[in-house]
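The values are calculated or read from the model by the stated rules, or taken from the named source; none is laboratory data. These figures come from a predicted structure and were not determined experimentally. Neighbour counts are summed over all protein chains in view; Cβ atoms, including those assigned to glycine, are modelled from backbone coordinates with ideal geometry.
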Amino acid sequence: MTTKADAKDKTRSLGMAAVALATAAAVAVPGAAYATTTPHHATPHDVTMREVARHVMQSGAPGYIARIDNGHRVSTTVAGYADTATGRRYTGREQFEIGSNTKTMTAVLVLQLVDAGRIRLDAPVSAYLSGVVPNGRAITVRMLLNHTSGLFSYTSDPDFFTAMEKDPQHVHTNQELLDVAFRHDPDFAPGQGWNYSNTNYILAGMILEKLTGKGMATLVRERIARPLGLSRTYYADPRATNTGPGYAHGYATNFGQQPLTYTDVSDRPLGGWAGAAGAVISTQSDLSRFFSAVLSAKLFSRQQLTEMRTTVEVPAEFGIKGGYGLGLFRKDSPCGTVWGHGGDTLGHHSTALTTGDGRRTAVSDTNLEPSDTELSAGANRYYQVAVAAEDVTVCEMLGKPVPAAVTEALRGTAATAPAKNLSSASS
C-alpha cells in the first residue's frame with residue numbers, strides 16, 4: 001500500500017533507486033496506450049479505471065496494470081509498457097516483483113508451523129535463534145510479524161545502499177543484513193511501539209529455514225504456490241529467472257531531472273537483499289488467489305487467521321489509516337475497510353487488497369520507483385496519484401462511488417500534503 005513519507009523512509013527508498021541508476025543505462029519511454037477488458041461502472045465523480053490508468057501514466061510511469069474482482073466479474077486495466085527496450089506492451093498477465101507482499105507469505109509460513117506446534121507466537125526469538133538477536137529473550141515471534149519488536153530496519157541505513165551502489169550484483173547473506181541492522185540501537189523497547197522493519201522478516205525467514213531445513217524458495221513453492229495452484233509465483237533466489245516476454249521490467253527515474261529517463265533495474269538480485277521481506281515474483285491473478293485464500297483461511301486454521309487479523313494501530317505519520325496484524329495490513333480506506341499488503345522494489349510498486357471474507361480482490365502494479373534525492377514536484381505528484389489510484393481500485397472492488405476528495409487528488413485539483421514514499425520491499 002502507498003504511504004506518506006517521513007525522512008527515514010524517504011532516505012531509504014531514494015537510496016535503493018540510486019543504486020539502480022548507478023550502473024544501468026537510461027532509456028526513453030515511448031507513448032502509452034490504455035485498455036480495460038471489462039468496462040467499469042461510472043461513478044458520480046465519473047472516475048473510471050481507464051482514467052486512473054491515464055493519470056498514472058501522465059505522472060511518469062512506464063506502465064500500469066490493475067485487476068479488480070468485485071465478486072461478480074473480473075476487470076483488467078492495462079496501460080503502457082512492460083518492456084520499454086522492445087516496446088512490448090502490458091497485457092495484464094505479466095509476472096512482476098511483488099516486494100513486501102512477500103511478508104504476508106512469510107507470515108503464512110510461520111502460522112502453518114504454529115498450527116503444527118513447532119512455533120509459539122509468544123515464544124522469544126532466542127528460543128529459535130539462540131544468540132542471534134540482541135535482547136532476543138524479550139522479543140517474541142509475534143513482535144517480529146507485527147513490527148513491534150523495535151529492531152532497526154537494515155534498509156533505513158544509508159550505508160547499506162552506498163555499499164550496494166559499489167557492487168549492485170552482490171548477494172547479501174542474512175547475517176550481512178542483520179549486521180547492518182544491529183549496528184543501530186533499537187527504535188524502541190520490545191512491544192513499546194510500532195515501526196515497519198524489514199529486519200523482522202529476515203529473522204522470520206531464518207526461523208522458518210532453521211526449523212524446516214528448507215530454504216525460502218522451497219517453502220514458498222511447496223507450502224503456498226503448489227497447494228493454491230499458483231503456477232507463476234516463486235521466490236527469487238536470488239534473481240528473477242525469466243525476464244523475457246510475460247515479465248514486467250521495473251524502472252527507476254529521477255523526477256528532479258528533465259527530460260525524464262528510465263533505468264531498467266530488472267537484473268538486480270532481489271532475493272539477495274530483500275529476502276523473506278520482499279523477494280517473491282508473482283502475477284495479478286496469482287496474488288488475487290493468494291490473498292483470497294489467506295482471508296478465507298485456506299492455508300492455515302481459523303485460529304491463525306484470527307491471530308493474523310489482530311492488529312496494532314499504525315501511527316498516523318506512517319500514512320496508512322488502519323492497523324497491522326501478522327504480515328497483514330488493515331486499511332480503513334475512504335470506501336471501507338480492506339485487508340492486504342503492498343510493496344516496492346527498486347522498480348515496482350504493487351498493491352494487493354481484499355475484503356474481509358476474501359471474496360473480492362484488487363491487485364495493481366506500476367513499474368516505476370522514483371529516485372529523487374529530494375522530493376521534487378514530479379515525485380510528489382507521482383505519489384499523490386498512486387495513493388488516489390489505490391483508493392479508486394478499492395472503491396471499484398467494493399462497488400461504491402469514489403469520494404470527491406479521491407477524485408480531486410487523482411486529477412490534481414486538490415491541495416494535498418506531500419505523499420509519503422511508497423512502502424518498499426521493503427514495505
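Things worth noting here:
- When the residues of the stretch 144-157 are filtered to those that are under 20 Å from the mean Cα position of the chain (by Cα) and more than 15 Å from Met206 (Cβ to Cβ), the one that is surrounded by the most Cβ atoms within 10 Å (Cβ to Cβ) is Thr155.
- Of the helices (runs of 4 or more DSSP H) lying entirely inside the stretch 124-189, those carrying at least 3 residues that are more than 23 Å from Leu328 (Cβ to Cβ) and not aliphatic (A, V, I, L, M) are 158-166, 174-182.
- For the stretch 355-376, the candidate set comprises residues that are modelled with pLDDT under 95 and assigned to a strand (DSSP E or B); within that set, the residue that is farthest from the chain's Cα centre (by Cα) is Pro370.
- The strands (runs of 3 or more DSSP E) located wholly in the stretch 227-326 that include 2 or more residues which are crowded, with 24+ Cβ neighbours inside 10 Å, at negative phi and at pLDDT 95 or above occupy 280-283.
- Selected residue (only one of Ala386, Ala405, Ala379 is aliphatic (A, V, I, L, M), part of a helix (DSSP H, G or I), surrounded by fewer than 23 Cβ atoms within 10 Å (Cβ to Cβ) and at negative phi): Ala405
- Residue check, Val294 touching a His at 6+ places or on another chain (Cβ under 8 Å) and not acidic (Asp, Glu): no
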